[in-house]
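What follows is a single structure, written as structure tokens, with notes after it.
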Amino acid sequence: MSGQRPVATLGRSGVPVTALSFGAAALGNLFAAVTDEAAAASVDAAWDAGMRYFDTAPHYGLGLSERRLGAALRGRDRDAYTLSTKAGRLLEPIRDGRGMQDEGFAVPATHRRVWDFSADGIRRSVEDSLERLGLDRIDVVYLHDPDDHAEQAFREGYPALERLRAEGMVRAIGAGMNQTGMLTRFLRDTDVDAVLCAGRYTLLDQDAARELLPEAAARGKSVVVGGVFNSGLLADPRPGATYDYAAAPLDVLDRALRIKAVAGRHGVPLRAAALSFPFGQSAVASVLVGARSAAEVTDAAAMLATPVPAALWEELRAEGLLAADVPVPVTGVRVQVVGVTGSPTGVPDRSSDVRERSAHVRVRPSNVPDRLAHVPDPPEAGRQGMRRSDSA
């Protein structure tokens, strides 16, 4: 990653990632169409904010996300950033395909997704992704949502990834899911470098703290955390907001509103607390944030740069909104999140023996929007199909 200060590496792979990373699901027209210009501007804004880790998948918009992300990155120094995609769904052309596909992405139904975690399927998926991206290599490949395909994923899919890594075709391997049980098994039973865990380590859901995160820390492996807003509720808790792609239950909405009130008493936007929270865990290498506009990217960088005082976490514990044994970021360690100058996004020094990380960060420029521009709530017809599509 020439010219950049790596913020963390994925396990022992040597693959660097920045604390804040760019999730490209929205570039595949997640829930609503995004123009080519807006997609490119989002990637440009991420680059200007110092993000150097970008994640996509064939599933996102039937390959549209990969094509747009590849186009936006193609003119940049290939050694200056890390790119991950996923495998497990092959895209098969549909003859005379008509209408729009129905898995949460606003794209024409030109292809159908075919689950395939076989060795040949994984290799073909990676080769197809390289063609769509138009880049010379992929740094990280995750098995994507193998929930209902565990036997094939462990027997064939994972060994195929291991061979690709040994051949130098990819540099790091792992799995990306919205659950913790199988991800923990990947950490224990395979030689993955990292796992991508979406929605299971947030201010509302700390399921990953039970086994997944301790297992990763004990084995020197990394966790990339996605879905820190739980599909919208922790960005803007209000009646009708979504929690894991469905209408938030009243008790969960009430909890989110109480957390927001605590954050407000300390002068901290809820989004800032939600983005900072995962860095209390030493195994967390990066937080992956999806964005459909440059304004959302800039907002995310500003939120991560917002100092979160220790008193906020203490009040959450006192109010019963955060368990006493859940680690939180330590204040006082500085992290740099850069605006338009091209400097790196960083995380605190990992040489410290504490498990917590800093919420004290610095951002340029300061004229960033105070409110997150939200991804539209998923339409009713798309929610079930999105059950597993936020692994990034």
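The values are calculated or read from the model by the stated rules, or taken from the named source; none is laboratory data. Because the structure is a prediction, the values reported are computed rather than measured. Cβ: placed from backbone, ideal geometry, glycine included. Neighbour counts: every protein chain shown. Quick note on the areas: whole protein, heavy atoms, side chains included, nothing else; ligands and nucleic acids left out. Shrake-Rupley method; radii C 1.70, N 1.55, O 1.52, S 1.80 Å.
Looking only at the range 104-125, count every residue that is buried (at least 21 other Cβ atoms within 10 Å of the Cβ) and out of contact with any His (no Cβ under 7 Å at 6 or more places or on another chain) and tell me the total. The total comes to 4. Taking the listed residues Arg67, Arg78, Arg98, the one that is over 29 Å from Phe279 (Cα atoms), at pLDDT 95 or above and open to solvent by 10 Å² or more (accessible area, probe 1.4 Å) is Arg67, with no other qualifying. Just to be sure I understand the filter: pairs with C-beta atoms under 8 Å, separated by 6 or more residues or on different chains, first member in the range 12-38 and modelled with pLDDT under 95, second member open to solvent by less than 10 Å² (accessible area, probe 1.4 Å). Which pairs pass? Note: pairs meeting the criteria are Leu30/Tyr60; Leu30/Gly61; Leu30/Phe105; Leu30/Ser389; Phe31/Phe105; Phe31/Pro378; Phe31/Gly382. When the range 130-183 is filtered for residues that are open to solvent by 10 Å² or more (accessible area, probe 1.4 Å) and acidic (Asp, Glu), the ones remaining, listed by number, are Glu131, Asp136, Asp147, Asp148, Glu151, Glu156, Glu162, Glu167. When we screen Val340, Val330 for residues that are open to solvent by 50 Å² or more (accessible area, probe 1.4 Å), in contact with an Asp or Glu (Cβ under 7 Å, 6 or more places away or on another chain) and either within 26 Å of Asp79 (Cα to Cα) or at pLDDT 95 or above (or both), the only hit is Val340. Checked against (1) touching a residue at least 24 places away in the same chain (Cβ under 8 Å); (2) in a loop (DSSP other than H, G, I, E, B); (3) among the basic types (Lys, Arg), Arg67 passes all but a single condition, namely (2). The set of residues in the range 246-263 being open to solvent by 50 Å² or more (accessible area, probe 1.4 Å) and part of a helix (DSSP H, G or I) consists of Leu250, Asp251, Asp254, Arg255, Leu257, Arg258, Lys260. Can we say Thr306 is more than 16 Å from the chain's Cα centre (by Cα) and open to solvent by less than 10 Å² (accessible area, probe 1.4 Å)? The answer is no for Thr306.
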